[in-house]
């Protein structure tokens with residue numbers, strides 16, 4: 001099976017030892033995407049919807065990097081620091097995934113890597129055009 005790794009260039013990738021997305025045949029796994037701007041700052045501090053939108057934008061970019069798109073996503077997981085803001089998080093999720101709804105979870109966690117982050121989202125996809133070489 002051919003495995004393709006896609007790196008976003010985030011400094012944490014080398015520090016921690018991970019990549020933004022991995023495609024293994026028809027399966028794509030996008031690591032947890034936090035609401036980070038290209039310069040490394042937290043996007044939209046205090047804005048649940050804005051942060052969720054940014055996470056989804058990063059997921060879309062990662063999928064594209066391995067030849068997939070949002071319609072291929074079959075599962076998302078949202079880790080949030082304040083479940084009371086579920087509607088704002090959910091609205092952003094629907095804006096990106098509503099046309100092809102995946103299975104999903106939204107789980108409240110105590111904290112994320114930066115206290116200003118309210119959400120982190122990961123995604124799994126299955127897409128045609130498998131890169132299998134078996």
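Each reported figure results from applying straightforward, stated rules to the coordinates on display, with no laboratory input. As the structure is a computational prediction, the values presented were derived from the model and not from experiment. Quick reminder, even Gly has a Cβ in these numbers, built from the backbone with ideal geometry, and neighbours come from all protein chains shown.
Simple spin-label estimate for residue 37 and residue 113 gives 1.8 nm between the two label positions (7 Å along the Cα-to-Cβ direction from each Cα). Using the Cβ-Cβ distance between residue 5 and residue 124 with R0 = 25 Å, the FRET efficiency computed as 1/(1 + (r/R0)^6) comes to roughly 0.95. At full extension, residue 104 and residue 14 could sit 29.5 nm farther apart than now, given 0.36 nm per residue minus the alpha carbon distance.
Axis angle, to the nearest 10 degrees, between helix 86-97 and the longest C-alpha principal axis of the chain: 30 degrees. A full extension of the chain between residue 47 and residue 71 corresponds to an added length of 6.0 nm, given 0.36 nm per residue minus the alpha carbon distance. Dimensions of the chain based on its C-alpha atoms, expressed as ranges along the principal axes with the largest first, amount to 47, 34, 22 Å. Full extension of the chain between residue 57 and residue 95 yields a length gain of 12.6 nm, computed as 0.36 nm times the residue separation minus the alpha carbon distance.
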